[in-house]
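The values are calculated or read from the model by the stated rules, or taken from the named source; none is laboratory data. Remember, predicted model here, so these are calculated numbers, not experimental data. In this analysis, Cβ positions are derived from the backbone assuming ideal geometry, glycine residues included, and neighbour counts consider all displayed protein chains.
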Amino acid sequence: MLGQLKSAIKTLFLTVRGPGDSGTLAILDSSQIAAIFRSHDIDQQWNALSARLADLCQIEDLKTGGVNPGDRRALFYVVKALRPTSTLEIGSHVGASTVHIGAAMASGSRLVTLDIQDVNDGPSAYWRTFGLQRSPRQMLTELNKNLDFSFVTSDSVAFLNKTDQRFDLIFLDGDHSKETVLEEVPKSLTVLNRNGVILLHDYFPDSKPLWSDGSIISGPFEAMEELRMRDARLRVIPFGALPWTTKLGSHVTSLAMVVQEQ
């Protein structure tokens, strides 16, 4: 009888809280994150690589759905600042974010990038569909860095359920539906190294537009609000305005970081 009660309590706990442990998340505040984008050292590293990256990544965001150039730069700065030795990207797409994350990672680091489609060799790979010059794999290869990278074709939740790999940073930019993000975040916590972070793309605070076109993707915000009700230690910090241009002539970004509440 006691065993059945313990089992029922465990099941209830997992239902209410989810399988992840937010205690693995880093503790950061908005001022620390804002300071990343004002870093003189990272400015210099960006300036040294930006021309090369622009040549490799000739991707127009509004035509391809790829991460916009300002957000690509923001990802580079965050990865440079946090120095993850292992990163998981969910949503490779045309590789715009992939190559900038890879460029910021140190030699010998590990990058796993995942998409529901074969983004490199498939006949309907996104880069072929949009008539781009290089596949994501080609861009990473031409970076000429000692980076351990791999491409995975899988559903994100299925991958997170079965992988035995662990990551310092996880970037969620795949299926932005509320239902999927509700699964991705808790499962990401189970494969996140201590003091790791989760980055979100297309996070619209209060489900309000960020740009003049009035567009909204509500799934990530709604999912995180529900997850925060289950676990008060979860905190989402939107990046807000960046020091450089992002989308539609603005400085606003939809990037956000999931951290542990102080």
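For Asn120, the test of being in a loop (DSSP other than H, G, I, E, B), surrounded by fewer than 14 Cβ atoms within 10 Å (Cβ to Cβ) and without any contact (Cβ under 8 Å) to a residue 60 or more places away in the chain is failed. Evaluation of Thr153 against the conditions (1) hydroxyl-bearing (Ser, Thr, Tyr); (2) under 20 Å from the mean Cα position of the chain (by Cα); (3) closer than 21 Å to Asn68 by Cα shows that the sole unmet condition is (3). Kindly evaluate Gln45 against the criterion of being part of a helix (DSSP H, G or I) and at pLDDT 95 or above. Spelling it out, Gln45 is indeed part of a helix (DSSP H, G or I) and at pLDDT 95 or above. Condition first: at pLDDT below 95 and in a helix (DSSP H, G or I). Can you find one or more residues in the range 34-41 that meet it? No, the range 34-41 contains no residue that is at pLDDT below 95 and in a helix (DSSP H, G or I). Restricting attention to the range 201-244, and to residues there that are of a type in the set (Asp, Glu) and modelled with pLDDT of 95 or more, which single residue is surrounded by the fewest Cβ atoms within 10 Å (Cβ to Cβ)? Looking at the filtered set, the residue picked out is Asp206. Hey, among Leu75, Leu88, Leu53, Leu62, which residue is at negative phi, of a type in the set (A, V, I, L, M, F, W, C), within 12 Å of the chain's Cα centre (by Cα) and in a helix (DSSP H, G or I)? Just one listed residue meets the conditions, Leu75. The set of residues from the range 90-103 being touching a residue at least 40 places away in the same chain (Cβ under 8 Å) and of a type outside the set (Val, Ile, Thr) comprises Gly91, Ser92, His93, Gly95, Ser97, His100, Gly102, Ala103.
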